[in-house]
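Please read the structure below before turning to the comments.
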Amino acid sequence: EVQLVQSGAEVKKPGDSLKISCKGSGYSFTTYWIGWVRQMPGKGLEWMGIIFPADSDTRYSPSFQGHVTMSADKSFSTAYLQLNSLKASDTAIYYCARRFGEMLSYYFDSWGQGTLVTVSS
Amino acid sequence: DIQMTQSPSSLSASVGDRVTITCRASQSISSYLNWYQQKPGKAPKLLIYGASTLQSGVPSRFSGSGSGTDFTLTISSLQPEDFATYYCQQSYRVFGGGTKLEIK
């Protein structure tokens, strides 16, 4: 069974940094891209970007480029999302998801449980 | 960047109703359109990919159609467990704003 398990909820202060993890199991972790999706409180889904764990190739959404860093450690089958200089507006649930598909028809077929990040002074 | 617009943003319906949700892309995306269902406090769940292919395990009352810029998600006979928020997505990228399906 494909599983993505994310790190637990975090409470941070403005200006802090944070690294969320997403550990994959039940499949070849280096074969599929991992995407990150943000959901602010009461709002919709926002695509942040994707990373290929085999070589850490990344593609960022223009909306998040420069504000987040995606990385991966294939030895631990884990992808990471780093958020720097946190602001209250970074308060959200962050999801990782596996990108599946072929021939340009791609989709997120398996999702992590989400990590709630709260930024408050 | 491609924009994805869903309508309506919210919808009230009854069990047994037939419901249609629309998603429009700002430019042609061929059939690279996915639909997800999200229930409160849960991660999104893939329903349909490639505009019309039902993900394994998804009930057949869900169907998708369209190509180019206009797409629809149809639920043929609403069940109590279908009340949720639905999102379209262009390939693995941009999401639509969501449609909240509520009980009338």
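The values are calculated or read from the model by the stated rules, or taken from the named source; none is laboratory data. Quantities reported herein were computed from a predicted structural model and do not represent experimental measurements. With ideal geometry, Cβ positions are generated from the backbone for all residues, glycine too; neighbour counts draw on all protein chains shown. With ligands, DNA and RNA removed, areas are computed over all heavy atoms of the protein, side chains included. Shrake-Rupley method; radii C 1.70, N 1.55, O 1.52, S 1.80 Å.
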Exercise for review: Name every residue in region A:77-100 that is among the charged types (D, E, K, R) and within 14 Å of chain B (Cβ to nearest Cβ), in order of residue number.
Suggested key: A:Arg98, A:Arg99
Check your understanding: Quick one: in region A:101-115, which of the residues that are more than 12 Å from the chain's Cα centre (by Cα), more than 8 Å from chain B (Cβ to nearest Cβ) and part of a strand (DSSP E or B) is surrounded by the fewest Cβ atoms within 10 Å (Cβ to Cβ)?
Key -> A:Glu102
Check your understanding: Which residues, taken from region B:1-30, are polar (S, T, N, Q), within 11 Å of chain A (Cβ to nearest Cβ) and surrounded by fewer than 18 Cβ atoms within 10 Å (Cβ to Cβ)?
Key -> B:Ser9, B:Ser30
Point to revise | Failed item, numbered, when B:Lys104 is tested on (1) at pLDDT below 95; (2) closer than 28 Å to A:Gly49 by Cα | key: (2)
Revision key, fill the gap. If we ask which residues in region B:29-38 are of a type in the set (S, T, N, Q) and assigned to a strand (DSSP E or B), their number turns out to be 3
Exercise for review: Quick one: in region B:76-104, of everything that is more than 17 Å from A:Gln39 (Cα to Cα) and in contact with a Lys or Arg (Cβ under 6 Å, 6 or more places away or on another chain), which residue is farthest from the other protein chains (Cβ to nearest Cβ)?
Suggested key: B:Ser77
Review point. Residue check, A:Ser28 against (1) in contact (Cβ under 8 Å) with a residue 24 or more places away in the chain; (2) open to solvent by 50 Å² or more (accessible area, probe 1.4 Å); (3) closer than 11 Å to A:Ser77 by Cβ, all met but one. Which one?
Key: (1)
Exercise for review: Name the single residue, out of those in region A:31-73 being touching a Ser or Thr at 6+ places or on another chain (Cβ under 6 Å) and crowded, with 19+ Cβ neighbours inside 10 Å, that is nearest to the other protein chains (Cβ to nearest Cβ).
Suggested key: A:Trp47
**Study point:** 3 or more residues crowded, with 21+ Cβ neighbours inside 10 Å: qualifying strands (runs of 3 or more DSSP E) within region B:39-104
**Key:** B:45-49, B:70-75, B:85-90
Exercise for review: Go through region A:78-90 and count every residue that is open to solvent by 30 Å² or more (accessible area, probe 1.4 Å) and either in a loop (DSSP other than H, G, I, E, B) or aromatic (Phe, Trp, Tyr) (or both).
Suggested key: 4
